[in-house]
Amino acid sequence: MSDMWAKISETWDILKPPLRPHPEVVRAFEREIDTADTDIVLLGVTPEFARWGKTMIAVDLMPNMIGALWIGDDATRRAVVGNWADLPLEDNSCDAVVGDGCLGVLPNRAVRLEVLGQIARVLRPDGRAAIRLFTRSETPETLAAIKEDALAGRMKAIAELVLRVSLVLAPRDCDGTLKMSAVLDAINEMFPDRDALLAAAGWQPNVFSLIETYKNSDTVCTWADGDTIAEEASRHFGEVQLVSSGDYPVAQSCPLLILGKPLQ
Ligand SMILES: C[S@@+](CC[C@H](N)C(=O)[O-])C[C@H]1O[C@@H](n2cnc3c(N)ncnc32)[C@H](O)[C@@H]1O
């Protein structure tokens, strides 16, 4: 499994919105999904979602990520080690599946389709899924525009820089697969003087440890466009919608994918 995810739990506190859920994202999920009285499966161990549901099973491939971020098992909730492409769960066993950015950490479209199929399999017939996506647009902005915003102090967090640069660099094919080391290389080229960037952006000096986890890493992320993912989802669901997840920075690239009527 990825060397990069093994390190990322150590820099979790630096990972801010938009790469982590903004409070508006939490409210958007709560509007779309019954998070109070349901059996929920969480893809990942996202702390902001961990207390939802009458019961919750959180699934993540990496024991150290569970150890670092999971709120702890109790009578109603637990985290298990497992692959989303082969969920260790019964058919028709939950009311909701939720995930934040989870389709974007898969290596390509083929795996994304497997995961969408697994979500359909574990949902009850009236169940729903909500997944926040990171989607590239048909007309991406430029690296120059991103650089200008950062140096003008218009970026609250380095997470915004990482997301915007990734969406520009992502290949325009159905996979959208990009090595995270390429994102680091581009940021280094854009900002050869990190002290100047820190001073202009007003960030804490430790923020670069987040992107340093990308160095020499083979880890890829996928940044497909929303219509491509919606079409893939329609192979496994009778109802597919993309809805806004809020109005925070870069939110327009982070819609919620809402899925209903799983096709069994
Ligand atoms: C940066 S984190 C995801 C961040 C996400 N936004 C969150 O809040 O949890 C990436 C996580 O996805 C997990 N992961 C990636 N691919 C997976 C898969 N196929 N099955 C299960 N977990 C996976 C990794 O182990 C890692 O813990």
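The values are calculated or read from the model by the stated rules, or taken from the named source; none is laboratory data. Since we're looking at a predicted model, the values are computed, not measured. Here the Cβ positions follow ideal geometry from the backbone for every residue, glycine too, while neighbour counts run over all protein chains shown. With ligands, DNA and RNA removed, areas are computed over all heavy atoms of the protein, side chains included. Shrake-Rupley method; radii C 1.70, N 1.55, O 1.52, S 1.80 Å.
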Of everything in segment 89-107, what is open to solvent by 10 Å² or more (accessible area, probe 1.4 Å) and either more than 10 Å from the ligand (Cβ to nearest atom) or among the β-branched types (Val, Ile, Thr) (or both)? Give them in sequence order. 89, 90, 91, 92, 93, 95, 105
Which residues, counting only those in segment 158-174, are among the acidic types (Asp, Glu) and under 14 Å from residue 134 (Cβ atoms)? 160
So which residues in segment 31-53 are farther than 22 Å from residue 241 by Cβ and small (Gly, Ala, Ser), if there are any at all? 50
For segment 50-61: of the residues being within 26 Å of residue 11 (Cβ to Cβ) and in a loop (DSSP other than H, G, I, E, B), which is most open to solvent (accessible area, probe 1.4 Å)? 51
Note on residue 28: of the conditions (1) open to solvent by 20 Å² or more (accessible area, probe 1.4 Å); (2) away from the ligand (no atom under 13 Å from the Cβ), unmet is (1)
Selection count, segment 48-60, where residues are more than 19 Å from residue 106 (Cα to Cα) and under 17 Å from the mean Cα position of the chain (by Cα): 3
Consider residue 15 carefully, then state whether it is under 14 Å from the mean Cα position of the chain (by Cα) and at pLDDT below 95. yes
Selection from segment 22-47 of residues under 13 Å from the mean Cα position of the chain (by Cα) and among the hydroxyl-bearing types (Ser, Thr, Tyr) yields 46
Can you find even one residue in segment 62-78 that is part of a strand (DSSP E or B), modelled with pLDDT of 95 or more, open to solvent by 60 Å² or more (accessible area, probe 1.4 Å) and away from the ligand (no atom under 14 Å from the Cβ)? yes
Only one of these conditions is not met by residue 170: (1) open to solvent by less than 20 Å² (accessible area, probe 1.4 Å); (2) in contact (Cβ under 8 Å) with a residue 60 or more places away in the chain; (3) in contact with a strand residue (DSSP E or B) (Cβ under 8 Å, 6 or more places away or on another chain). Which number is it? (2)
Filter segment 79-111 for residues that are in contact with a Phe, Trp or Tyr (Cβ under 7 Å, 6 or more places away or on another chain) and assigned to a helix (DSSP H, G or I); which is nearest to residue 43 (Cα to Cα)? 102
Is there a residue in segment 73-81 that is under 19 Å from residue 106 (Cβ atoms) and out of contact with any Lys or Arg (no Cβ under 8 Å at 6 or more places or on another chain)? yes
Which ones in segment 31-49 are out of contact with any strand residue (DSSP E or B) (no Cβ under 7 Å at 6 or more places or on another chain) and within 15 Å of the ligand (Cβ to nearest atom)? 47, 48
Subset of segment 20-48, residues in a helix (DSSP H, G or I) and either touching an Asp or Glu at 6+ places or on another chain (Cβ under 6 Å) or not assigned by TED's automatic domain parsing to the domain that holds residue 81 (or both), comes to 26
Requiring at least 2 residues that are open to solvent by 70 Å² or more (accessible area, probe 1.4 Å), the helices (runs of 4 or more DSSP H) wholly within segment 177-264 are 180-190, 194-201, 226-233
